[in-house]
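The values are calculated or read from the model by the stated rules, or taken from the named source; none is laboratory data. Keep in mind that this is a model prediction, so the values were computed, not measured. Don't worry about glycine lacking a Cβ; one is built from the backbone with ideal geometry, like all the others, and counts go over all protein chains shown. Just the protein is used for accessible areas: all its heavy atoms, side chains included, with ligands, DNA and RNA removed. Shrake-Rupley method; radii C 1.70, N 1.55, O 1.52, S 1.80 Å.
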Amino acid sequence: MITTNNITVQFGKKPLFEDISITFSKGNVYGLIGANGSGKSTFMNVLSGDLEPSSGTVSIQKDHRVSLLSQDQYAFEKYKIIDCVMMGHKKLWDIKSERERIYSLESMTEEEGIKVAELELEFADIDGYSAESNAGELLVGLGIENDEHDMKMSEISPEKKLKVLLAQALFGDPDIMLLDEPTNNLDLDTITWLEKTLKMRNSLMVIISHDRHFLNNVCTHMVDLDYGGLHLYSGNYDSFMVESELSRSLLINENIKKEAKIKELESFVRRFSANASKAKQATSRANQLKKIKLAEVKKSSRVYPFIKFNQEKKIYNSVLEVEGLEKNYDELKVINNFSLNVENGERIAVIGKNGIGKTTLLESLVQNIKIDSGKINWNKNVNIGYFSQNHNMEFNQDLTLINWMKQWAQKDDDMQSIRGTLGRLLFSQDHIDKSIKVLSGGEKRRMIFGKILLQRPNVIILDEPTNHLDIETIESLNLGLSRFDGTLIFSSHDREFISSLATRIIEIKDDGINDFTTGHELLRVN
């Protein structure tokens, strides 16, 4: 159990959040949500003890072991992968290291012999003899195979480092798990594995995630960091959306009723306060007025960009024909004899595990990479808006936001319409003259959406568009694409995003590519 008492964190003059008191109970899974910048990760660091609050206290039940998903993927470079996972259980790792140190000595004193015997008993009590096997199972579940477990952390990709750190947080069945974005860089199958793993645990969990489907599947409660405070809701993310909206609507409606009553009472007092026969009633109404208090309806920190994709020229027949597409990297066959016909208005999701070739396929379709053989024939009237997974090269010039966006303007777009596009994407007048060099990952992605908005394409191709976005932007993008009447091809690991948009699924597997066009197959990603 974790209890916070009047926690306040303040950077500068204004508190990020203040006077937060909440109890997290064992066996519950809390989804910690809130707009970007609301303080979710800061609050998580306060819970873990990595950050001292400006005021208030955090109490954790005695003898409860806490694990925190590390965000520093380069902190364990000199360690083997399997060891890095076991380091998640500090007591176990310390005992293991000390007993190995003693056993490595050329000779052992009587005192050291007694000590190592005691260590062996402690090691057995905390299931130390199964530790390496348990760590290996976690790694395999996360897609890191047995032949990699003895590799150094410095030898693997950043994507795999993050998976190892997730295994480290899960290792040893901790009493309390604090997980900040655990689904980042996980494919659909691995996210499903993680959900099943978490559901089998009886730990207290606090999870930050932008994956709505994940939150719906694992959370028993939602904790919303908004309005400068924390609000607890029972149920998953969908339940929170309904309840929070209902609560706010009831509050607003109650204020409307009170305001009407205030006007009625004020009118009576004005009319009859000087009337001797009505003076007593007027005084009574005045006293009633003093007792009516309007509830404070605070402004939410959540802001939603407005994303609406329009196509300049509609296509009325076949959009794309792919015949016998092949793409290899040296001896590795990535795409083998792939054919595809796409009609106007189709929404095609490309799915598969990480590294299987989804990006290669999309890059091939937009002709950013050279294919080895086959044909890719686009309709002559096609206008493609492309969202690349890695778009840093598009921001390597030192331009202001307004001048960067101006590059993609059409003939009928004046400066006012470009400013309007930036404004709808939540870039204020104060920001548009700043350099694109200072943009965060999420802000760059919103700029790319702005580019596509100005291009007014009839085909939109997106490679993992929801990465590094907050829930508000994901929901706005989701809505914008659902209303787009052109053709959509996209890859994603966000199951809510896929299931709400896709009319067809291309699944890339080790043994080939499957094309699902019937409704019941779409349930595979739900």
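In terms of Cα atoms, the Rg and Dmax of the stretch 1-86 work out to 15.2, 45 Å. Listed values for the stretch 315-329 are Karplus-derived 3J(HN,Hα) couplings in whole Hz (6.51 cos²θ - 1.76 cosθ + 1.60, θ = phi - 60°), namely 9, 10, 9, 4, 9, 8, 10, 10, 10, x, 5, 9, 9, 10, 10, and x replaces Gly and Pro.
A cut-off of 5 Å between modelled amide H atoms, ignoring neighbours fewer than 5 places along the same chain, links Ser21 with Asn6, Ile7.
Counting Lys and Arg as +1 and Asp and Glu as -1 over every other residue whose Cβ lies under 12 Å from the Cβ of Ala117, the net charge comes to -4. Farthest towards the positive end of the charge dipole of the stretch 114-212, among the residues Phe123, Val140, Leu179, is the Cα of Leu179, using unit charges on the Cβ of Lys, Arg, Asp and Glu.
For the pair the stretch 420-484 / the stretch 205-250, the C-alpha centres are spaced 25 Å from each other. Electrostatic tally near Phe11: other residues with Cβ closer than 14 Å to its Cβ, Lys and Arg +1, Asp and Glu -1, net 0. For the stretch 391-526, the carbon plus sulfur part of the accessible surface works out to 46%, probe radius 1.4 Å.
The packing ranking of peptides 323-332, 59-68, highest mean first, is 59-68, 323-332, where packing means the average number of other beta carbon atoms within 10 angstrom of each residue. Shape class of the chain from the Cα gyration tensor (axes a ≥ b ≥ c, square roots of the eigenvalues): oblate, since a/c reaches 1.5 or more and a/b does not exceed b/c. Beta-bridge orientation, the chain: approximately 55 percent antiparallel, per DSSP, counting only bridges with both partners inside. When you count the other C-beta atoms within 10 angstrom of each residue and take the mean per peptide, 20-29, 403-412, 475-484 line up highest first as 475-484, 20-29, 403-412. Shape of the stretch 393-477 from its Cα gyration tensor (a ≥ b ≥ c, root eigenvalues): rounded if a/c is under 1.5, otherwise prolate when a/b > b/c, or oblate? Note, shape of the stretch 393-477 comes out rounded. Counting DSSP beta bridges with both partners in the stretch 368-526, what percentage is antiparallel, nearest 5? About 40 percent, rounded to the nearest 5. Each helix, a run of at least 4 DSSP H residues, gives -39500 (n - 2.57); summed and divided by the residues of the chain, these come to -11500 deg cm²/dmol at 222 nm. For the pair the stretch 364-396 / the stretch 104-169, the C-alpha centres are spaced 45 Å from each other.
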